[in-house]
Structures are given as C-alpha cells and as structure tokens.
C-alpha cells in the first residue's frame, strides 16, 4: 500500500462521511489493524466500524461500513444466537459480516464502481455520474463535487436510508413503483409478471429461456418519464408511454428499497417480453427463440446463428442474446437513453437494439419467421398467449383493492 495513503481520511474524512450515511470515526474508539489495509474500530469490546482498503492486481477495493459486532476480549466474534458459535476475529469473519448500518463501496482502477446503501432496508443513495475512477484522485474530485452540489433534500434521504427499519413488502402484478433516477428526479415502473409464479403455474415451456433466470425475477416495464414531482397521480403515470420490458430481481421491491405508489389492472398494451435467442445452457443440444411464453426451437443446431461477432478485443458470447440476465435494482440509464432519443435497450444483450438488426434478421430467417412478425402473431403461431391472454392471466395476481396515489415518505 502507498505509504502516504491515509485509510481513515483520504477516501472519506469525518466531515464527508455523513453525506454518505456513515458515522464519523469517534476519537474515543480504538483502531486495530487486523491485516494490512483492514481496520476495525472498537468501542469497548464492540466493533463499531470497519474499513477495508485492498489492492488487487489491476484495481483497488475500498469499503467502509458501520456495524455493531460484539466480541470476546477483541479476540473472537460472539454468536448472535444461543445456537451459534464463536468465530475467530480475522479478515474473513469481519469482511463477511452483515453491517447493521450503511455501507460505502468503491472500486477504482481497471474496474470502477460506487455504491452507498443499507443492507437492512435495501435503500441506497443515487450517485450521479459515470464513475470512471482510474485513480483515487478521480474519485476525490467526484466526491467534492457531489458534496458541493447536494440539494436541500439530501440529508432527508440519508436519514431515510439510515433509519428505515427492515421491512418485507408484498407486491403484486399491476403494482406501480417509484424509484430515484438521480438526486432530484424520479421515475416510475410497472410490474407485469412474476416469473416464479408463471413457472409454478406451468405457464413456461421446459426449454424456455425464462427458466434460466436467477434470483426471484420480476418482469417489469419503466414509464417514459423523469420528473422532480415524486407524487404524480396514478392516472397520470399510467397515461405515459412504456419502455421495453426487462427482468429485475425482486429484492429492491421486497425489502422496500423502492416504493409502491399505486396499481392498475393490466391490459394488452401493458404487456411486453424480451426476445430471447440462444442455445441450451446444459449439455443438451438445441437452439431456441423465445418471445412471451411462446417458443420455437430445433435440435438441428449446426447451422444456427452463433452471434459471436465483436472485434479482436471483445468476442461476444455465443448466447449473448438469451437476454436472461436479471438486473439488481432499476436500470435507470434506459430512461435517460430514451429521453435523449437513443435506444433504451442494451446493445450487449438485446437482439432488438438497433445495432443488432443483422443478428435479429439471421435468427428470424433461421426459423423462417417474417422479420415484422408481431408478438401476438408469434405466440398464436406457437399456441401460446397473446398479449391480451397473458394480461388476463397476470391479472389473477392483482391486488384485491387497487392502490391509488400513495404519497412520498
């Protein structure tokens, strides 16, 4: 580690920590380095804060979190239940513990990322910018601007992240949710499907790509809106255009990280699914094109499109268009792209992105499908659900009483 680097102050100091939901370092705490780059702060025998600064081969990971880890004589971590066992106090036991407060996480170098949130309630802060931090000074410049530009509402959001208790939110098809696009703007989205329920109901064919999704996936669509008004009436929200469907893990809804603000009965115009094209992820040999619940596949795969493409620096994966990835949280960039007049789709994985029309044409030709076939025509051709039929099915899982105009916290 750079000998001039101060792990306690160079990334965040005590005046900056509150802007990211972190407690300042109390001068009365005892700092102990349990391994190079890993410092814990004791208040008596309780660890109140952990800072990790780990240098990897091509990037640096810096993480700080507030916690309350009880120890025995600062040598072992005490179990949380009578049935638990003590753990030796070391890097592994500390770094894998669940924070009781907020976490600040930064990667800079060849890999860059930035996040601030509370695992107890799934609430995070919006952090604007591209976060292209190749060195510490890049982050420090971003940090200083972030603090200087903080709007009057900033600390109200910080307090919400810090103090909202753990919750379990029951969600339904047709629920309308609100999310933060940046520090001052909000967006809205619509839940149109619950993939695990669809599987349980026997709706998804065995070889369908939706079966390959991870987590507890929700089918959602975002509305084409970016607004400073967080309390737009439900009837106004549902009149706005919808973006293409995406698949999102349910965590941020289930734990209350985003707010359900209304609900509606689904209709045909609400329904969309990603087109998913690719080969089996098992040892089986087949090639499939899935859209909605409908699917066409063949076991004659020798002549199937391979989609590798790319240049010598990045050869695309053969299954790049299976489009079965699950986002963790809202992909707010899709709203921003749409409002700039660009495609809200992801070029890497969405075969319907404008850059991928040659690939889409190859897939449709392979299955002898008209390039302009509609969702309803495709699903009718393969004895599956049209948009209206799917909406009727999905509406079985609506709220008993629809919500209207739930106000901001």
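The values are calculated or read from the model by the stated rules, or taken from the named source; none is laboratory data. Quantities reported herein were computed from a predicted structural model and do not represent experimental measurements. Note that each Cβ is placed from the backbone with ideal geometry, even for glycine, and that neighbours are counted across all protein chains shown.
Restricting attention to region 139-161, report how many residues are farther than 17 Å from residue 15 by Cα and surrounded by 15 or more Cβ atoms within 10 Å (Cβ to Cβ).
Matching residues across region 139-161 total 3.
Would you pick out the residues in region 18-46 that are in contact (Cβ under 8 Å) with a residue 40 or more places away in the chain and closer than 23 Å to residue 124 by Cα?
Of everything in region 18-46, those that are in contact (Cβ under 8 Å) with a residue 40 or more places away in the chain and closer than 23 Å to residue 124 by Cα turn out to be 18, 19, 20, 21, 22, 23.
If residue 112 meets every condition in (1) modelled with pLDDT under 90; (2) more than 25 Å from the chain's Cα centre (by Cα); (3) within 26 Å of residue 33 (Cα to Cα) apart from one, which number is that one?
Every listed condition holds for residue 112 apart from (2).
Looking only at helices (runs of 4 or more DSSP H) that fall completely inside region 322-409, which ones have 2 or more residues that are touching a residue at least 24 places away in the same chain (Cβ under 8 Å) and within 30 Å of residue 230 (Cα to Cα)? Break it down stepwise before answering.
Values: elements: 333-339, 357-366, 375-381, 387-394.
Because the criterion is at least 2 residues that are touching a residue at least 24 places away in the same chain (Cβ under 8 Å) and within 30 Å of residue 230 (Cα to Cα), the helices (runs of 4 or more DSSP H) in region 322-409 that meet it are 333-339, 387-394.
Name the single residue, out of those in region 237-250 being part of a loop (DSSP other than H, G, I, E, B) and touching a strand residue (DSSP E or B) at 6+ places or on another chain (Cβ under 6 Å), that is surrounded by the most Cβ atoms within 10 Å (Cβ to Cβ).
That would be 243.
Restricting attention to region 47-68, which residues are in contact with a strand residue (DSSP E or B) (Cβ under 6 Å, 6 or more places away or on another chain), over 20 Å from residue 21 (Cβ atoms) and part of a strand (DSSP E or B)?
54, 59, 60
Here are some conditions: (1) over 23 Å from residue 136 (Cα atoms); (2) loosely packed, with under 13 Cβ neighbours inside 10 Å. Residue 89 meets all but one. Which one does it not meet?
For residue 89, the failing item is (2).
Restricting to region 324-368, and then to whatever is touching a helix residue (DSSP H, G or I) at 6+ places or on another chain (Cβ under 8 Å) and farther than 23 Å from residue 188 by Cβ, can you tell me which residue is surrounded by the fewest Cβ atoms within 10 Å (Cβ to Cβ)?
Filtering first and then ranking leaves 347.
Of (1) closer than 30 Å to residue 153 by Cα; (2) surrounded by fewer than 19 Cβ atoms within 10 Å (Cβ to Cβ), residue 225 satisfies all except one. Which?
Only one criterion is unmet by residue 225, namely (2).
Within region 251-264, track down each residue that is at pLDDT below 95 and not in a strand (DSSP E or B).
251, 252, 253, 254, 255, 256, 257, 258 - these are the residues of region 251-264 that are at pLDDT below 95 and not in a strand (DSSP E or B).
Can you go through 104, 133 and tell me which one is in contact with a strand residue (DSSP E or B) (Cβ under 6 Å, 6 or more places away or on another chain) and in a strand (DSSP E or B)?
On inspection, the qualifying residue turns out to be 104.
When you look at residue 377, is it at pLDDT 85 or above and in contact with a strand residue (DSSP E or B) (Cβ under 9 Å, 6 or more places away or on another chain), yes or no?
No, not satisfied.
Checking residue 169 against (1) in contact with a helix residue (DSSP H, G or I) (Cβ under 7 Å, 6 or more places away or on another chain); (2) in a strand (DSSP E or B); (3) modelled with pLDDT under 95: exactly one of these is not met. Which one?
(2)
For region 43-65, which residues satisfy the criterion of being more than 13 Å from residue 94 (Cβ to Cβ) and within 24 Å of the chain's Cα centre (by Cα)?
Once the filter is applied, which keeps residues that are more than 13 Å from residue 94 (Cβ to Cβ) and within 24 Å of the chain's Cα centre (by Cα), region 43-65 yields 59, 60, 61, 62.
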